[in-house]
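Take a look at the structure set out below.
The values are calculated or read from the model by the stated rules, or taken from the named source; none is laboratory data. Quantities reported herein were computed from a predicted structural model and do not represent experimental measurements. Ideal geometry is used to build each Cβ from the backbone, glycine not excepted, and the neighbour counts take in all protein chains shown. Ligands, DNA and RNA are stripped out before the accessible areas are found, and what is left, the full protein with its side chains, is counted by its heavy atoms. Shrake-Rupley method; radii C 1.70, N 1.55, O 1.52, S 1.80 Å.
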Amino acid sequence: MKKIVLASNNKHKIKEFKEILEMDILTLNDIEFFEEIEETGSTFLENALIKARTISSYLKEKGLDYDVISDDSGLCCYALNGNPGIYSARYSGGHGNDKTNREKLINDLEDKDKTAYFNCTIVLYHIDGTYDFKEGKTYGKIIDEEIGDTSFGYDCIFLSDDLGKTFGEASSEEKNQVSHRYRALSKIKELL
């Protein structure tokens, strides 16, 4: 089988991709890509494509004939016109400060509808420059307290409609059956 590179070094994301795809994939560390990829798109698809094209070009320069899989995902709140959306990881300003992102979101949703969904757009980028993409969503609502594991994004404040508990409380097996990433990856898996 052709090797596939996941355009990420996020350990949580890598774990989910490997568990859901049930295959070995290379990471950015594996191919010795250590630069920050600037996500300048205005949609999840645009950002996923930026990452995929960047890594595909890097692989071509190295003479490696690998396909690339990339994603962009985020939490979308109806009361905030879809925000934080593509800015989910940097909602409070800096990139990747999960605690302050959650605090800002809880404050921004005070006295508002807390219905939300996670969106994931995944691109499978082929060596010839063509690509396929799939989208997955999972619905729930934002709660005002952190419940469960607080180490990954908004999981501990996202009460899943499917599970009846927060993603922070869910086991990886439970989450991987209903998550936005699972739903998008399941469609991509059929293409592999």
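Side notes on the structure shown:
Condition check ((1) touching a helix residue (DSSP H, G or I) at 6+ places or on another chain (Cβ under 6 Å); (2) of a type in the set (S, T, N, Q); (3) part of a helix (DSSP H, G or I); (4) farther than 23 Å from TYR182 by Cα) across all residues:
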residue: GLU19; (1), (2), (3), (4): yes, no, yes, no
residue: ASP24; (1), (2), (3), (4): no, no, no, no
residue: ASP30; (1), (2), (3), (4): no, no, no, yes
residue: THR40; (1), (2), (3), (4): no, yes, no, yes
residue: ARG53; (1), (2), (3), (4): no, no, yes, no
residue: LYS60; (1), (2), (3), (4): no, no, yes, yes
residue: VAL68; (1), (2), (3), (4): yes, no, no, no
residue: CYS76; (1), (2), (3), (4): yes, no, no, no
residue: SER92; (1), (2), (3), (4): yes, yes, no, yes
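- Restricting the stretch 31-63 to residues that are exposed (fewer than 14 other Cβ atoms within 10 Å of the Cβ) and in contact (Cβ under 8 Å) with a residue 24 or more places away in the chain leaves a set whose member that is farthest from LEU185 (Cα to Cα) is LYS62.
- Test: residue in the stretch 34-51 that is closer than 19 Å to THR130 by Cα, basic (Lys, Arg) and at pLDDT below 95: no
- Inter-residue pairs, beta-carbon under 6 Å, first in a strand (DSSP E or B) and in the stretch 118-134, second among the basic types (Lys, Arg) and surrounded by fewer than 19 Cβ atoms within 10 Å (Cβ to Cβ), 6+ apart: ASN119/LYS137; LYS134/LYS187
- The single residue among ILE69, ILE86 that is at pLDDT 95 or above, in contact with an Asp or Glu (Cβ under 7 Å, 6 or more places away or on another chain), aliphatic (A, V, I, L, M) and open to solvent by less than 30 Å² (accessible area, probe 1.4 Å) turns out to be ILE86.
- Residues satisfying the stated conditions in the stretch 138-160, i.e. under 16 Å from the mean Cα position of the chain (by Cα), part of a strand (DSSP E or B) and either free of Cβ contacts under 8 Å to residues at least 40 places away in the same chain or exposed (fewer than 15 other Cβ atoms within 10 Å of the Cβ) (or both): TYR139
- Tallying residues that are more than 14 Å from the chain's Cα centre (by Cα) and either in a helix (DSSP H, G or I) or of a type in the set (A, V, I, L, M) (or both) within the stretch 80-90 yields 1.
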